[in-house]
Amino acid sequence: MTYTPNVWPPKKIIFASDHAGFSLKKPLMDWAVRQGYAVEDLGADESNSVDYPDYADLIAEYLSKDKDSAGVLVCGTGIGISIGANRHAHIRAALCHDVTTAKLCREHNDANVLALGARIIGVQTGVDCLEAFLGASFGGGRHSKRVAKLG
Ligand code: RB5
């Protein structure tokens, strides 16, 4: 089974959140810009209560056209928005709470979306997760056939 890994580091980082995720998404975007990454924000902000599946779908649609980019999704827990994103076959969204999971989701799973919970982790942990996610490469080898089986 052949597997073509994601382009990494990504050409651009696409961000999306619901209202509950905005307080973490904003500092993560600011950090990414300071690091020199191209970023795009698909919404939302914190001014209105919105539905997280809509933002998961937006990022999935974006990444279906721009396969060289990666995504960051944030909701209150990270759970709902990662479930929504993973309903799309070309998305592997990893809900991470620490640097270890953020690094391993790249090395083992070739995740193309990092999902985080703004009500669960602090800003510094979120930045550390994003830095680990962007800095880790897919390991290939035995992991390739497993990721290929994910469809
Ligand atoms: C919104 O209140 C909250 O339910 C949502 O952000 C998320 O945590 C769902 O998984």
Taking region 46-70 and the residues there that are away from the ligand (no atom under 12 Å from the Cβ) and under 12 Å from the mean Cα position of the chain (by Cα), the one that is nearest to residue 12 (Cα to Cα) would be 69
Of (1) among the hydroxyl-bearing types (Ser, Thr, Tyr); (2) surrounded by fewer than 15 Cβ atoms within 10 Å (Cβ to Cβ); (3) within 16 Å of the ligand (Cβ to nearest atom), residue 137 fails just (3)
Restricted to region 56-70 and to residues being farther than 20 Å from residue 134 by Cα and acidic (Asp, Glu), the residue surrounded by the fewest Cβ atoms within 10 Å (Cβ to Cβ) is 61
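When region 107-120 is examined, which residues are found to be surrounded by fewer than 19 Cβ atoms within 10 Å (Cβ to Cβ) and not charged (D, E, K, R)? Quick ask: steps written out before the conclusion?
Initially, region 107-120 is screened for residues surrounded by fewer than 19 Cβ atoms within 10 Å (Cβ to Cβ), giving 107-109, 119-120.
Passing the criteria: 108, 109, 120.
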Is there a residue being in a helix (DSSP H, G or I), touching a helix residue (DSSP H, G or I) at 6+ places or on another chain (Cβ under 8 Å) and touching a residue at least 40 places away in the same chain (Cβ under 8 Å) anywhere in region 37-51? no
Within region 25-45, restricting to residues that are of a type in the set (D, E, K, R), touching a strand residue (DSSP E or B) at 6+ places or on another chain (Cβ under 7 Å) and away from the ligand (no atom under 16 Å from the Cβ), the one that is farthest from residue 9 (Cα to Cα) is 41
Conditions (1) among the aliphatic types (A, V, I, L, M); (2) touching a Lys or Arg at 6+ places or on another chain (Cβ under 6 Å); (3) in a loop (DSSP other than H, G, I, E, B) -> residue 132 fails only (3)
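Return yes or no: is residue 111 at pLDDT 95 or above and not in a helix (DSSP H, G or I)? Before you say what the answer is, go through the steps one by one.
Numbers: at pLDDT 95 or above: yes; not in a helix (DSSP H, G or I): yes.
Yes.
Go through region 3-24 and count every residue that is part of a loop (DSSP other than H, G, I, E, B), among the polar types (S, T, N, Q) and either out of contact with any Asp or Glu (no Cβ under 9 Å at 6 or more places or on another chain) or within 14 Å of the ligand (Cβ to nearest atom) (or both). Break it down stepwise before answering.
Step one: list which residues in region 3-24 are part of a loop (DSSP other than H, G, I, E, B), which gives 3-11, 18.
Of the ones still in play, those that are also among the polar types (S, T, N, Q) are 4, 6.
Filter once more, keeping what is either out of contact with any Asp or Glu (no Cβ under 9 Å at 6 or more places or on another chain) or within 14 Å of the ligand (Cβ to nearest atom) (or both): 4.
Within region 3-24, residues that are part of a loop (DSSP other than H, G, I, E, B), among the polar types (S, T, N, Q) and either out of contact with any Asp or Glu (no Cβ under 9 Å at 6 or more places or on another chain) or within 14 Å of the ligand (Cβ to nearest atom) (or both) number 1.
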When every residue in region 71-94 that is buried (at least 18 other Cβ atoms within 10 Å of the Cβ), hydrophobic (A, V, I, L, M, F, W, C) and away from the ligand (no atom under 13 Å from the Cβ) is compared, the one nearest to residue 55 (Cα to Cα) is 72
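Condition check: surrounded by 16 or more Cβ atoms within 10 Å (Cβ to Cβ) and either farther than 21 Å from residue 129 by Cβ or among the hydroxyl-bearing types (Ser, Thr, Tyr) (or both). Does residue 53 satisfy that?
Working: surrounded by 16 or more Cβ atoms within 10 Å (Cβ to Cβ): yes; either farther than 21 Å from residue 129 by Cβ or among the hydroxyl-bearing types (Ser, Thr, Tyr) (or both): yes.
Yes: the conditions hold for residue 53.
The values are calculated or read from the model by the stated rules, or taken from the named source; none is laboratory data. All values derive from a computational prediction rather than experimental measurement. We place every Cβ from the backbone using ideal geometry, glycine too, and count neighbours over all the protein chains shown.
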